[in-house]
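Shown next, in structure tokens, is the structure this report addresses.
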Amino acid sequence: MISLVELRRVGIVFSPDGHYIYIGNFTTRDISILRVDGTDVVDTGKRMKLPAQPASMRGGAW
């Protein structure tokens, strides 16, 4: 199991509707997808694989 420290999280972006959080993971070269449910944040277990480490993340404002 990989700990949160070992993942080396490098960025965070919220979805425009505020229902999801996307977090870049340097070590595993992917993006974690978390769901916001009221005051709770739940890891969906889904990951978006990347060809390299996520060096930076940007989110647009609508």
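Look at PHE26, PHE14 and count the other Cβ atoms within 10 Å of each Cβ; fewest to most, that gives PHE14, PHE26.
Here the Karplus curve 6.51 cos²θ - 1.76 cosθ + 1.60, taken at θ = phi - 60°, turns the phi angles of segment 14-19 into couplings of 9, 5, x, 8, x, 8 Hz, with x standing for Gly and Pro.
Spin-label pair VAL13-ASP43: with each label point 7 Å from Cα along the Cα-Cβ axis, the two points sit 2.1 nm from one another. For segment 30-40, backbone phi angles converted through the Karplus equation (6.51, -1.76, 1.60; θ = phi - 60°) give residue-by-residue couplings of 8, 10, 7, 10, 10, 10, 9, 10, x, 9, 9 Hz, Gly and Pro being listed as x.
Residues whose amide H falls under 5 Å from that of TYR20, counting only those 5 or more places apart or on a different chain, are SER15, VAL36, with hydrogens built in the peptide plane.
We did not get these values from a lab; they are worked out from the coordinates using the rules stated. From a predicted model like this one, the values you see are computed outputs, not experimental measurements. All Cβ positions, glycine included, derive from the backbone under ideal geometry; neighbour counts span all protein chains shown.
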